[in-house]
1. Quick one: E229 ticks every box in (1) under 36 Å from the mean Cα position of the chain (by Cα); (2) acidic (D, E); (3) exposed (fewer than 14 other Cβ atoms within 10 Å of the Cβ); (4) in a loop (DSSP other than H, G, I, E, B) except a single one, so which number is it?
2. Please work out which one of (1) in contact with an Asp or Glu (Cβ under 7 Å, 6 or more places away or on another chain); (2) assigned to a helix (DSSP H, G or I) is the condition Q344 fails and give its number.
3. How many residues are open to solvent by less than 90 Å² (accessible area, probe 1.4 Å) and free of Cβ contacts under 8 Å to residues at least 24 places away in the same chain if we restrict to the range 298-308?
4. If you scan the range 156-214, which residues turn out to be within 22 Å of the chain's Cα centre (by Cα) and part of a loop (DSSP other than H, G, I, E, B)?
5. Here is a list: R311, R338. Which entry is open to solvent by 50 Å² or more (accessible area, probe 1.4 Å), free of Cβ contacts under 8 Å to residues at least 12 places away in the same chain and of a type in the set (K, R)?
6. Scan the range 232-268 for residues that are of a type in the set (V, I, T) and within 30 Å of V364 (Cα to Cα) and jot them down.
7. I need the full set of residues from the range 262-296 which are of a type in the set (D, E), assigned to a strand (DSSP E or B) and open to solvent by 50 Å² or more (accessible area, probe 1.4 Å), in order please.
8. Report the residue count in the range 264-303 for those that are more than 30 Å from H402 (Cα to Cα) and touching a helix residue (DSSP H, G or I) at 6+ places or on another chain (Cβ under 9 Å).
Amino acid sequence: MQSPLPNTCPRPAIRQNAKSTTPPFQLHASSNDNDDDEAEMERMRQEIEDMRREALQRINSLSSKVPAVVPAAAAAAAAATTTNAAKDTRRNTLGMGGRSSSSSYSSASRGTTVADVKERDVDELSEGEYFEKRILERQATDAASGSVSHDKITAFMERKTDCDLLDGTSWKVLLNIGREPGTWMPKTWGVSGDRLLLNLEVCFSSDQHYERDDFLGSAGGAKACRAVESRLTMGPNMSEGSRTFRVLDGGWRIGEGEGPLGTDLLRFYVEIEEDISHSGGDVYCPAGRIYCTCGYFPMNHAPDGKKLELRRKLDRLGVKHDDLQSEIEKEGIFSLKRVKMTKQMFDINMEAQNLRKQLTAVSVTDPDKSLLKFSRKGNVALTKEGGVCCKVKKSAVTTEYHILGKFGLGAVDHEH
């Protein structure tokens with residue numbers, strides 16, 4: 001659209017003195033030019049009114065599809081478009097019609113409805129318009145489905161805590177029943193050295209375990225331990241083959257800070273319905289609940305590197321020790337330098353002894369991988385061996401736990 005004023009028209013002169021009688025804008029144009037100006041301004045007003053009606057139609061159409069989020073944004077955009085159009089009209093009134101047409105249409109192109117940006121090629125959109133388009137599309141999808149697309153927040157809220165990492169995992173358990181040092185079982189129990197090897201598969205379910213047991217503590221945090229297929233198999237020996245026994249579900253729980261140096265423990269139990277033993281053997285597994293305990297180590301945290309740092313310090317001390325030893329051997333028996341180096345050697349040995357103690361403590365809280373069995377996902381590990389015991393009630397108020405042996409385990413593929 002061309003400007004209503006000729007390009008040769010001089011720039012309007014603006015007087016700063018308000019008391020001057022000289023008109024603030026002197027337009028050097030003929031009467032025909034004035035008529036053209038009025039006609040052009042009338043056409044622009046009509047165009048602005050058409051744009052406003054079109055914007056309202058788009059808002060109404062979009063409101064029927066997106067009930068909550070998008071109409072508010074579109075209404076704000078329409079208000080901004082109307083305001084910009086009004087500003088364009090004022091600029092035309094002041095004689096700036098040469099820029100009004102492009103300004104009006106650029107205002108319309110900045111609308112924030114999905115229909116506006118869909119009519120244009122993505123490659124033609126500016127960065128701001130592209131992100132407006134994507135945000136509106138996401139809002140429209142969320143409003144239509146009734147969901148909120150905060151994937152990162154949802155993932156964070158659904159992330160398992162340290163005590164829930166075993167939920168739904170299945171493990172093969174091998175109970176190695178036999179006499180162990182410190183057991184309170186009868187003196188004749190297992191004195192021959194025979195062992196019972198009992199195999200079963202358990203699933204550490206996420207279901208709440210409602211039956212209270214002192215071994216697990218309060219029932220609040222206990223979960224159900226499922227005996228897969230309710231079956232336990234006793235391995236063969238020289239006199240008889242393998243046999244199968246019925247086993248019942250039990251419970252499990254993570255004892256936070258209950259292990260050595262404040263480490264966590266896994267406690268779980270299952271229940272067998274009858275005594276298990278080999279014919280003629282002196283070792284048996286008593287009927288009732290069989291309790292198991294092992295170390296529990298979440299692997300969803302980055303290692304702090306303390307173990308590696310301590311080992312490097314020990315290596316450096318070892319080098320210093322060897323160098324001093326070589327220097328001492330070169331000195332005479334009554335050398336003063338030899339006495340000083342001997343004192344340094346003593347200090348190095350004391351420092352190394354202290355570092356070994358720290359390394360031992362760290363190895364308990366951060367054990368080597370060779371001592372652990374990992375879940376299939378690798379986000380939690382259990383110690384390769386644990387302890388097995390049974391509960392013996394000595395009186396109405398006295399209960400003892402007698403050591404039955406030890407157990408090993410390993411994760412299996414399927415989860416429940």
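1. Only one criterion is unmet by E229, namely (4).
2. Condition not satisfied by Q344: (1).
3. Residues that pass the stated criteria total 1.
4. R159, K160, T161, L165, L166, D167, G168
5. None of the others qualify; the one that does is R338.
6. I254, T263
7. The answer is E271, and nothing else.
8. 2
The values are calculated or read from the model by the stated rules, or taken from the named source; none is laboratory data. Keep in mind it's a predicted model, so treat the numbers as computed, not measured. All Cβ positions, even for glycine, are placed from backbone atoms using ideal geometry, and neighbour counts span all protein chains on display. Each accessible area value is taken on the protein alone, full model and side chains, heavy atoms only, with ligands, DNA and RNA left out. Shrake-Rupley method; radii C 1.70, N 1.55, O 1.52, S 1.80 Å.
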